[in-house]
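The block underneath contains the structure these notes are about, expressed in structure tokens.
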Amino acid sequence: MPIQPRRRLTLTLSLVLIGAALAMPAAGADLLAGAKARGTLKIAMEGTYPPFNFKDLKTNQLAGYDVDVATLLAARMGLKPEFITTEWSAILAGLAAGKFDVVVSQVGINPKREQTFDFSEPYTYSNPQLIVRKNEKASYAALADLKGKKLGVGQGSVYEQQAKAVPGIDVRSYPAAPETLQDLAFGRIDAALNDSLMVAYLLNHSRLPIQAGARVGNVERMGIPVRKGNPELKAALNKALAAAQADGSLKTISLKWFGSDVSRPAAQP
């Protein structure tokens, strides 16, 4: 008996829905399954944090150490990178809300963050460093020297946490580095605290009247956070990182942007 048109349409729609369901990862599945189904890894970064991640004015494309590392890792995982730029102050909340799979934007690994997220192995090691105006007459050798002074930091950053741990500092939090440094140059704050690798790059590329200050803290480890409950995604990231370390690819990217290998801890003197 021939299938009636309405039944044929119903059967066709059923097959389409079944096929779509099979193609979608199951609810609660590891994020890696969703990434492989799409063929892309959703990667969040600031996009305003040179030399790590920023928009190249010549190409109008994202560039930087984080961009190169993220592109390499995605390729090693058989995926294409899908970059999503987000203000630093909202980036971890966005990760927790499921707006992207990972954040590759110099996220410091610390116990507080590890309560909420799992982290890859570190891919950057650096120090906190002060930035001051070129005409600054005061000498700040440690954070304690900034008591009673205004110190600019990134909102939600490890540097904000370090500054707030020292009593007496007037901590001013900013959504991104450019605003912090502009206020420093105009005298609205007395100093800024940020990544030593970013400071070195800025001194070579910025026209603002600023200079490097003292390094004021311990070595920071930067990793790639993922939401808890995604062990396969974390394992895939670590596998790709380990391969990039072993074949020298990560070192090559580091030398390109910094002239030294910042993907490993510096040798102790």
Problem set entry | Carbon + sulfur, % of accessible area of the chain - ligands and nucleic acids excluded, 1.4 Å | 55
Exercise. Can you give the charge dipole size of region 178-254 about its Cα centre, rounded to the nearest 20 debye, using +1 on the beta carbon of Lys and Arg and -1 on the beta carbon of Asp and Glu?
Worked result: 260
Exercise. Averaged per residue, what accessible surface does the chain expose to a 1.4 Å probe, in Å²?
Worked result: 52
Exercise. Taking the chain as a Gaussian network, where each spring joins two C-alpha atoms under 10 Å apart, which residue of Gln211, Gln115, Gln161 fluctuates the most?
Worked result: Gln115
Exercise. Projected onto the charge dipole of the chain (+1 at Lys/Arg Cβ, -1 at Asp/Glu Cβ, origin at the Cα centre), which of Ala75, Ala142, Leu130 gives the Cα projection farthest towards the positive end?
Worked result: Ala75
Exercise. Summing -39500 (n - 2.57) over the DSSP H runs of n ≥ 4 in the chain and dividing by its residue number, what mean residue ellipticity at 222 nm do you reach, to the nearest 500 deg cm²/dmol?
Worked result: -11500 deg cm²/dmol
For this session: Give Lys228/Lys251; Lys112/Lys228; Lys80/Lys112; Lys55/Lys239; Lys42/Lys234; Lys36/Lys234 a once-over and call out the pairs whose C-alpha atoms are over 20 Å from each other.
Result: Lys228/Lys251; Lys80/Lys112; Lys55/Lys239
Exercise. Per-residue HN-Hα couplings for region 120-132, Karplus 6.51 cos²θ - 1.76 cosθ + 1.60 at θ = phi - 60°, whole Hz, x for Gly and Pro?
Worked result: 5, 4, x, 10, 9, 10, 7, 10, x, 9, 7, 10, 10
For this session: Rounded to whole Hz and in sequence order, give me ³J(HN,Hα) for region 144-161 from the Karplus expression 6.51 cos²θ - 1.76 cosθ + 1.60, θ = phi - 60°, writing x for Gly and Pro.
Result: 4, 5, 9, 4, x, 10, 8, 10, x, 9, x, 4, x, 8, 5, 5, 4, 4
For this session: Could you tell me which of rounded, prolate or oblate describes the chain, using a ≥ b ≥ c as the square roots of the eigenvalues of the alpha-carbon gyration tensor, with rounded for a/c under 1.5 and, failing that, prolate when a/b is larger than b/c and oblate otherwise?
Result: prolate
For this session: Give the shape of region 164-225 as rounded, prolate or oblate, defined through the alpha-carbon gyration tensor: a ≥ b ≥ c are the square roots of its eigenvalues, a/c under 1.5 means rounded, and otherwise the shape is prolate if a/b is larger than b/c and oblate if not.
Result: oblate
Exercise. Among all helices in the chain defined by DSSP H, which have a length of 15 Å or more along the axis from Cα atoms plus a Kyte-Doolittle mean of at least 0.0?
Worked result: 5-23, 65-76, 231-246
For this session: Express in Å², to the nearest 10, the accessible area of Thr48 obtained by rolling a 1.4 Å probe over the protein heavy atoms while all chains stay in place.
Result: 60
Problem set entry | Most mobile of Lys251, Lys80, Lys112 in a GNM of the chain (Cα contacts under 10 Å) | Lys112
Problem set entry | Computed accessible area, Leu130, all protein chains, 1.4 angstrom probe, square angstrom | 0
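The values are calculated or read from the model by the stated rules, or taken from the named source; none is laboratory data. What you are looking at is a predicted structure, and each value in this text was computed from that prediction instead of being measured. No Cβ is skipped: glycine too gets one built from the backbone with ideal geometry, and neighbour counts run over all protein chains shown. Just so you know, the surface numbers come from the protein's heavy atoms only, side chains and all, with ligands and any DNA or RNA stripped out. Shrake-Rupley method; radii C 1.70, N 1.55, O 1.52, S 1.80 Å.
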